[in-house]
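*Asks:* Take a look at the following structure, please.
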Amino acid sequence: MKEIRKMLHPLPLIRSKGKTTPVYHLGGVWENRLGLQVGRVVLKNLLWQVRRVNEDESVKHHVETLQRDGVLAIENFLTDENFESVAEEYRSAMSYSAPEPYKGLEDAKLFRTQIPVADDLSSFPNINRLFRQNSFLRSIAAGAIRRNITQDPTVFLDKYVCLNPIGVENDIENILHADLHTPTIKMFFYLNTVNEENGAFVYAKRSHTLNFSRIRHEYELSIRQARMRKGLPISESLVESRGTETRNVISPELYRQMNVEETQICAKPNTLVIANNMGFHRRGEFTSSTPREALLISFRNSEKIFF
Ligand SMILES: O=C(O)CCC(=O)C(=O)O
Ligand SMILES: [Fe+2]
């Protein structure tokens, strides 16, 4: 068996087997030149088009908004009482964990505390009930990705703060990108006010739809990604760096062709932002010392096909 797998290993579809979440890019330079990523994108999105899930009437409106814009915000998501119980669990856990430089970089500008809820369910009964086990959220994710949600989403307590304004810019996630080549849902539940100063999520509305320009972007990006993975030279005008990390960016020409328009989703406490992160997005900048306090709920593990 091992031998057979070894023999089939060069095939990209076999290589992605055994992964626990789907990967955005795979394969070598030539495979992608020959259209591997275009095939993956088109096939996955065709399957999404023809897939149907049982429609839950109570979330229909939200699923339609997500289908149209790729993002939505629900204000006053929890009752006051539930909000307080969640904030209490969040603050209590955060009081035991010191923020660490994001990506472990020395002289970093941005620091983060991230606590996975699944590791300590007994400390987070309300966060577990109201987010990890929430059937309303599952129905929205199910409607958007058109799959039954059979796995709990991953939920993190997430706190970002700029502790060193003159430090090294280390936030690779504030470069515009997509998470995946197929619909994938992430949610941000804010515990404090978020705006232009403390990293409010930025999303390019309607950029989650597949059109010819997006396919061209996927094609070009897949080749640049494959080159980067191999350590081959890549066009310097099409990469940006943060600290020790480098990311391939959307080419200015395709940025224009895809009509990318970035909107920062500023929000009050108790707002839930839901995004299809096949669309382009990034984290906002931190220009003040106010932290961004949020829960991150990711349904990426619900994507079943890993090619
Ligand atoms: O934290 C954010 O605002 C977005 C970061 C991001 O790109 C992601 O979670 O996929
Ligand atoms: Fe992302």
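The values are calculated or read from the model by the stated rules, or taken from the named source; none is laboratory data. It should be emphasised that the depicted structure is a prediction, and the values quoted were computed from it without experimental measurement. In this analysis, Cβ positions are derived from the backbone assuming ideal geometry, glycine residues included, and neighbour counts consider all displayed protein chains.
*Asks:* Checking the conditions here, which among LEU130, LEU180, LEU110 is in contact with a helix residue (DSSP H, G or I) (Cβ under 9 Å, 6 or more places away or on another chain), within 16 Å of ligand 1 (Cβ to nearest atom), closer than 29 Å to LYS60 by Cα and of a type in the set (A, V, I, L, M)?
*Replies:* LEU180
*Asks:* Which fully enclosed helices (runs of 4 or more DSSP H) of region 29-137 have 3 or more residues being touching a strand residue (DSSP E or B) at 6+ places or on another chain (Cβ under 8 Å)?
*Replies:* 60-69, 80-95
*Asks:* Would you pick out the residues in region 147-169 that are buried (at least 18 other Cβ atoms within 10 Å of the Cβ), part of a loop (DSSP other than H, G, I, E, B) and away from ligand 2 (no atom under 16 Å from the Cβ)?
*Replies:* Within region 147-169, ARG147, ILE149 qualify.
*Asks:* Answer with yes or no whether ARG206 is crowded, with 20+ Cβ neighbours inside 10 Å and away from ligand 1 (no atom under 15 Å from the Cβ).
*Replies:* Working: crowded, with 20+ Cβ neighbours inside 10 Å: no; away from ligand 1 (no atom under 15 Å from the Cβ): yes.
So ARG206 does not fit the description; no.
*Asks:* Taking region 103-118 only, how many residues are under 20 Å from the mean Cα position of the chain (by Cα) and modelled with pLDDT of 95 or more?
*Replies:* Residues meeting the conditions: 9.
*Asks:* Which of the numbered conditions does SER222 fail, given that it passes all the others? Conditions: (1) among the small types (Gly, Ala, Ser); (2) closer than 22 Å to GLU31 by Cβ; (3) surrounded by fewer than 22 Cβ atoms within 10 Å (Cβ to Cβ).
*Replies:* Result: SER222 fails condition (3) only.
*Asks:* Please go through (1) out of contact with any Ser or Thr (no Cβ under 7 Å at 6 or more places or on another chain); (2) free of Cβ contacts under 8 Å to residues at least 24 places away in the same chain; (3) not aromatic (Phe, Trp, Tyr) for LEU238 and return the number of the only condition it doesn't satisfy.
*Replies:* It fails just one condition, (1).
*Asks:* For region 2-10, does any single residue satisfy the condition of being in a helix (DSSP H, G or I), out of contact with any Pro (no Cβ under 9 Å at 6 or more places or on another chain) and modelled with pLDDT of 95 or more?
*Replies:* Residues of region 2-10 that are in a helix (DSSP H, G or I), as a first pass: 2-8.
Adding the requirement that they be out of contact with any Pro (no Cβ under 9 Å at 6 or more places or on another chain) leaves 2-8.
Filter once more, so that each one left must be modelled with pLDDT of 95 or more: none.
No, region 2-10 contains no residue that is in a helix (DSSP H, G or I), out of contact with any Pro (no Cβ under 9 Å at 6 or more places or on another chain) and modelled with pLDDT of 95 or more.
*Asks:* Determine whether ASN170 is within 30 Å of ALA93 (Cβ to Cβ) and modelled with pLDDT under 95. I'd like the intermediate steps shown before the answer.
*Replies:* Details: within 30 Å of ALA93 (Cβ to Cβ): yes; modelled with pLDDT under 95: yes.
Yes, satisfied.
*Asks:* Can you pull out every residue in region 265-298 that is under 15 Å from the mean Cα position of the chain (by Cα) and of a type in the set (Ser, Thr, Tyr)?
*Replies:* Selection gives SER298 alone.
*Asks:* Now for a different question. Looking at region 212-219, is at least one residue among the polar types (S, T, N, Q), within 16 Å of ligand 2 (Cβ to nearest atom) and over 22 Å from LEU105 (Cβ atoms)?
*Replies:* Within region 212-219, the first condition is being among the polar types (S, T, N, Q), and the residues that meet it are 213.
Retained after the next criterion (residues that are within 16 Å of ligand 2 (Cβ to nearest atom)): none.
The answer is no; no qualifying residue exists.
*Asks:* Can you pull out the residues in region 40-61 that are within 23 Å of the chain's Cα centre (by Cα) and either charged (D, E, K, R) or surrounded by 16 or more Cβ atoms within 10 Å (Cβ to Cβ) (or both)? First the steps, then the outcome.
*Replies:* To start, the set of residues in region 40-61 that are within 23 Å of the chain's Cα centre (by Cα) comprises 40-49, 51, 53, 59-61.
Those that are within 23 Å of the chain's Cα centre (by Cα) and either charged (D, E, K, R) or surrounded by 16 or more Cβ atoms within 10 Å (Cβ to Cβ) (or both): ARG40, VAL41, LYS44, ASN45, TRP48, ARG51, VAL59, LYS60.
*Asks:* Going by the conditions given, is ALA200 among the aliphatic types (A, V, I, L, M), within 16 Å of ligand 2 (Cβ to nearest atom), part of a loop (DSSP other than H, G, I, E, B) and closer than 21 Å to GLU75 by Cβ? Reasoning before the result, please.
*Replies:* Working: among the aliphatic types (A, V, I, L, M): yes; within 16 Å of ligand 2 (Cβ to nearest atom): yes; part of a loop (DSSP other than H, G, I, E, B): yes; closer than 21 Å to GLU75 by Cβ: yes.
So ALA200 fits the description; yes.
*Asks:* Being within 16 Å of ligand 1 (Cβ to nearest atom), of a type outside the set (D, E, K, R) and surrounded by 17 or more Cβ atoms within 10 Å (Cβ to Cβ) is true for just one of MET278, MET258. Which residue is that?
*Replies:* Being within 16 Å of ligand 1 (Cβ to nearest atom), of a type outside the set (D, E, K, R) and surrounded by 17 or more Cβ atoms within 10 Å (Cβ to Cβ) holds for just one of MET278, MET258, which is MET278.
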